[in-house]
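Asks: Sharing a structure here in structure tokens format.
Laboratory data are not the source of any read-out in this text; all were calculated from the coordinates shown. As the structure is a prediction and not an experimental result, all values here were calculated from the model. Neighbour counts run over all protein chains shown; Cβ positions are idealised from the backbone, glycine included.
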Amino acid sequence: MSRPRRAYLIAVLFLLVALLSGALAGAADLRPLDTISALLSRIPFLPVHSGLSPVNDAVLFQIRLPRVVLGALVGALLALAGAGYQGVFRNPLVDAGLLGSSAGAGLGATIAIVYLGGSGGAAVPTAAFAGALAGVAVAYAAGAASGAGTANLLLAGLAVGMFLTAVQTYLLQRSTQDLQQVYSWLLGSLSAASWHQALQILPYFCVSLLMILPHGRHLDVLSVGDQEARALGSQPARIRLLVVAGCSLAAATAVAVGGLIGFVGIIVPHAVRRLAGTSYRAVLPLSVLFGAGFLVLADTLARTALAPAELPIGVVTALIGSPVFVWILRATRAVRT
Amino acid sequence: MTSNTETWAPGHGPDVPALIVDRLSATLDGSPVLHSVSCGVASGGWLAVIGPNGAGKSTLLRALSGLIPYQGTVIVHGRDAAALSRRELSRRIAYVPQNPTFPPDMTVAEYVLLGRTPHLAYLAAPGHADRRAADEAMELLVLAGFAGRRLATLSGGERQRAVLARALTQRARLLLLDEPTTALDLGHQQQALDLVDRLRRDQGLTVVTTLHDLTAAGQYAERMILLDRGSVAASGTPTVVLTEERVTAVYRARVSVTTDREGRPVVTPLRGSVG
């Protein structure tokens, strides 16, 4: 079996296991076999009857499953945005939150919470989404104004991000009563998940995928540098703009419903590279599958480890992510030398 | 067979020059680098661009490849290069820079396949025909056993063959090579230039190279242009261009120019630089 094909098989199995464990694990005590029969009973023409009581049936289909689905969507977006940014910037350490999107989302959410008071909760996703896109737009404009090239864009993103974070900190210092709410948002959570929310982000999810996934081959061409890419007939500036736009939409969508969830955009594409090689034609779609599975597993851990209390999902991804990341760095260095 | 002209696509006939450059000027970061350079290459020919450091050799190649803006006219196989799209130009001209970028973890097969870029529609993936073109190029450059190797594991000579295979996969009739022998030892320099010469004859390619080694340039090239501070100081056959006075004046180097058994110039640097 070829290397990418084996990787796809592993990715699909991983995602299925993650989805199933997300559906089976939780605070409410649902028996696994009953849960599986409940899931199968929803498949048309399959003569299986749900083994769950109506209450537990509601727990499964109205609480757990929407959260699992939302986690999968958000994880896929974060991992894909990270992989896409890494291709555009030819830098494997770039995260989905780069280019001012995390800082912009943080500022947007903070403004909504601080200035809209109690009613701000409903506006937080919209404000975070708008803030993320505005942050990227400013960073991109600043980077483009200081000349072509990816280094300028990265530096501009860094500068814009620091500026927006400073503004956010200032706002928070002035209204410390909102600290708790902003802080818990910053750590990320999927606890407000609903089918409505999952449906809401579905169009953005689809558009992001359609914008990024066709560019795998083009990102491979960019890896030889702009000059050679152009000599090969490619148009790096146009590809960079399209992929950055797609990744920013993906990151903004993820941050709007999940808050700031770090590390997914770095560790998932890295793990994928070790499994399937560095070609973005494989890295992009595999990041979607592995990112979805990874975040579902992380969220399952976040809501079951200290049940009935919940860990912030950002804490879980960082707790798993940091050691894995260090291991990847060590392993990569070992290969190089 | 009465005539073989029908086997040539329009503008690709043996009588149509592969490249005509007319009064080309170029500016880099505000300072003029090339002043009204004119030259040409017959189809199937080899033109060497020589001149001291900073004379504008690389800039000329990059302008011809459409990588930097220029004034003047460049005609490629009968078509005005300025009127061609980026992809159309890349289907006609393959360009290899002096220090190509080799993504360390990319395999040789993936790297060579990048040469198909100008032939693929925006959303298309490489198909069987593209893979076959890449395989043929790897076969020609004795890289067939290297397909799965990471670029980081290749030697300098193997990398040079990989980048040439990528250029061949592009299926462009005009090959622009910027210092194709840098970073190669004497034997590998000779192998690389012999290889380019063989490809030129067997595949009917036209070759333009910049070269620092004037003797090597004289061995392989049929025509030369000597650039001096952005202008053409001399052009013609190697024997005409490579004279002692001219090389001494332009390179500010003490040299003796003799001829080998086949009458080609041999440039030997002598001790004691020109004051």
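Asks: Rg and Dmax of chain A, Cα atoms, in Å?
Replies: Cα only, chain A: 20.5, 65 Å (Rg, Dmax).
Asks: Further question on the same structure: How high is the relative contact order of chain A? Use alpha-carbon pairs under 8 Å, at least six apart in sequence, and give a whole percent.
Replies: About 29 percent, as a whole number.
Asks: Continuing with the same structure: Non-local amide H neighbours of B:Leu19 (under 5 Å, H modeled in plane, Pro and chain starts lacking H): which ones?
Replies: So B:Leu19 has HN proximity to B:Val41, B:His77.
Asks: Hey, how much of the P(r) for region A:136-256 falls beyond 24 Å, as a percent of Cα pairs?
Replies: Working: 3385 of 7260 pairs.
Percent of Cα pairs beyond 24 Å in region A:136-256: 47.
Asks: Another one. For region B:138-275, take the convex hull of the Cα atoms, compute a quarter of its surface area, and give me that in nm², please.
Replies: 10.1 nm²
Asks: Among the trypsin sites (Lys or Arg not before Pro) within region B:184-272, which fall in a DSSP loop and have no more than 16 other Cβ atoms within 10 Å of their own Cβ?
Replies: B:Arg229, B:Arg252, B:Arg254, B:Arg261, B:Arg271
Asks: Now, a different point. Have a look at region A:80-205 and give its Rg and Dmax from the Cα atoms, expressed in angstrom.
Replies: 15.6, 44
Asks: For peptide B:222-234, how many partner chain Cβ atoms fall within 10 Å of a residue's Cβ, on average?
Replies: Partner Cβ neighbours, averaged per residue: 0.
Asks: Quick one: the Cα spread of region A:223-337 along its three principal axes, in angstroms, biggest first?
Replies: Result for region A:223-337: principal-axis Cα extents of 59, 38, 18 Å.
Asks: What percent does the relative contact order of chain B come to when contacts are Cα pairs within less than 8 Å and at least six residues apart?
Replies: Relative contact order for chain B comes out at 22 percent.
Asks: Separation of region B:100-159 and region B:166-210 by C-alpha centroid, Å?
Replies: Centre-to-centre distance over Cα atoms comes out at 16 Å.
Asks: How much net charge surrounds A:Leu232 when only the other residues with a Cβ under 10 Å from the Cβ of A:Leu232 are counted, with Lys and Arg +1 and Asp and Glu -1?
Replies: Working: positive: A:Arg230, B:Arg86, B:Arg87, B:Arg116, B:Arg166; negative: A:Glu228.
Every neighbour counted, the sum reads +4.
Asks: Now, a different point. With the crude spin-label approximation of a point 7 Å out along Cα→Cβ, what separation in nm comes out for B:Arg131 versus A:Tyr170?
Replies: Label-label distance for B:Arg131 and A:Tyr170, simple model: 5.8 nm.
Asks: For region A:29-118, give the magnitude of the charge dipole about the Cα centre (Cβ charges: +1 Lys/Arg, -1 Asp/Glu; no others), in debye to the nearest 20.
Replies: That gives region A:29-118 a dipole magnitude of about 120 debye.
Asks: Same structure, new question: Quick one: P(r) of region A:8-70 from all Cα-Cα pairs, 5 Å bins, percents rounded to integers, in order of increasing distance.
Replies: 4, 18, 26, 25, 17, 8, 2, 0
Asks: So for region A:1-105, taking the charge dipole from beta-carbon charges (+1 Lys/Arg, -1 Asp/Glu), which of A:Ala72, A:Val12, A:Thr35 sits furthest toward the positive end?
Replies: A:Val12
Asks: Pop out the ³J(HN,Hα) list for region A:183-196 in order, Karplus 6.51 cos²θ - 1.76 cosθ + 1.60 with θ = phi - 60°, rounded to Hz; leave Gly and Pro as x.
Replies: Whole-Hz 3J(HN,Hα) from phi for region A:183-196: 4, 5, 5, 4, 7, x, 6, 10, 5, 8, 4, 8, 4, 4.
Asks: From the alpha carbon gyration tensor of the protein assembly as shown, can you work out the equivalent ellipsoid semi-axes (sqrt of 5 times each eigenvalue) and give them in Å, largest to smallest?
Replies: Whole-Å semi-axes of the equivalent ellipsoid: 58, 27, 20.
Asks: Tally Lys/Arg at +1 and Asp/Glu at -1 over every other residue whose Cβ is under 15 Å from the Cβ of A:Ile111; what's the total?
Replies: Net charge around A:Ile111: 0.
Asks: Using the Kirkwood radius built from alpha carbon pairs, what does the Stokes-Einstein equation give as D for chain B at 4 °C and 1.567 mPa s, in µm² per second?
Replies: D, rounded to a whole number, is 66 µm²/s.
Asks: Mean residue ellipticity at 222 nm from the helices of chain A, using -39,500 (n - 2.57) per DSSP H segment of n ≥ 4 over the full residue count, to the nearest 500 deg cm²/dmol?
Replies: -25000 deg cm²/dmol
Asks: At a temperature of 10 °C and a viscosity of 1.306 mPa s, determine how fast region B:93-171 diffuses translationally according to Stokes-Einstein, using the Kirkwood radius over alpha-carbon pairs as Rh; express D in µm²/s, rounded to the nearest whole number.
Replies: Using the Kirkwood radius from Cα pairs, D works out to 128 µm²/s.
Asks: Compute from the Cα atoms of region A:1-115 the Rg and the Dmax, the latter being the longest Cα-Cα distance, and quote both in angstrom.
Replies: 19.6, 57
Asks: Let me ask something else. Could you tell me what % of all Cα pairs in region A:201-277 have separations over 17 Å? Each step should come with its number before you reach the end.
Replies: Working: 1644 of 2926 pairs.
Tail of P(r) above 17 Å: 56 percent of Cα pairs.
Asks: Whole-Hz ³J(HN,Hα) for each residue in region B:177-186, computed from phi via Karplus 6.51 cos²θ - 1.76 cosθ + 1.60 with θ = phi - 60°, x for glycine and proline: what do you get?
Replies: 10, 8, 6, x, 10, 4, 6, 10, 6, 3
Asks: Compute the longest continuous run of chain B that contains no exposed GluC sites (Glu not before Pro); treat a site as exposed when its DSSP state is not H, G, I, E or B and it has at most 15 other Cβ atoms within 10 Å.
Replies: Longest site-free region, per DSSP loop and neighbour criteria: B:1-221.
Asks: Out of all DSSP beta bridges with both ends in the protein assembly as shown, state the antiparallel percent to the nearest 5.
Replies: That works out to approximately 60 percent antiparallel.
Asks: Kirkwood hydrodynamic radius (Cα pairs, Å) of region B:94-140?
Replies: 11.8 Å
Asks: Another one. Check B:Ser25: other-chain or 5+ apart residues with amide H under 5 Å from its amide H, H built from backbone geometry?
Replies: B:Ser36, B:Val37, B:Gln71, B:Gly72
Asks: Right, here's the next one. Could you state the number of Å between the C-alpha centres of region B:212-275 and region A:40-54?
Replies: Here the answer is 87 Å between Cα centres.
Asks: Which net charge results for the neighbourhood of B:Thr59, defined as the other residues with beta-carbon distances under 14 angstrom from its beta-carbon, given Lys and Arg at +1 and Asp and Glu at -1?
Replies: In short, -1.
Asks: How high is the relative contact order of region B:90-241, in percent, with contacts defined as C-alpha pairs under 8 Å that are six or more residues apart?
Replies: For region B:90-241, the relative contact order is 26 percent.
Asks: While we're here: Taking +1 at the Cβ of each Lys and Arg and -1 at the Cβ of each Asp and Glu, which of B:Gly236, B:Ala183, B:Thr215 sits farthest along the dipole of region B:159-275 towards its positive end, judged by Cα position relative to the Cα centre?
Replies: B:Ala183
Asks: Just the number, please: Stokes-Einstein D of region A:234-297 in µm²/s, Kirkwood Rh from C-alpha pairs, 10 °C, 1.306 mPa s.
Replies: Answer, rounded: 123 µm²/s.
Asks: For region B:225-275, take the alpha-carbon Rg, divide it by the Kirkwood Rh, and send me Rg/Rh.
Replies: 0.98
Asks: Per-residue mean of other chain beta-carbon atoms within 10 angstrom of the beta-carbon, peptide A:218-226?
Replies: 5
Asks: Apply the Karplus parameterisation 6.51 cos²θ - 1.76 cosθ + 1.60, with θ equal to phi minus 60°, to every residue of region A:108-113 and state each ³J(HN,Hα) to the nearest whole Hz, in sequence, with x for glycine and proline.
Replies: Result, rounded to whole Hz: x, 5, 4, 4, 4, 6.
Asks: Would you compute, from DSSP H runs of 4+ residues alone, the mean residue ellipticity of chain B at 222 nm, taking -39500 (n - 2.57) per run and dividing by the full residue count, rounded to the nearest 500?
Replies: The per-residue figure over chain B is -9000 deg cm²/dmol.
Asks: Right, another one. Which percent of the Cα-Cα distances in region B:161-200 go past 14 Å?
Replies: Numbers: 350 of 780 pairs.
More than 14 Å apart: 45 percent of the Cα pairs in region B:161-200.
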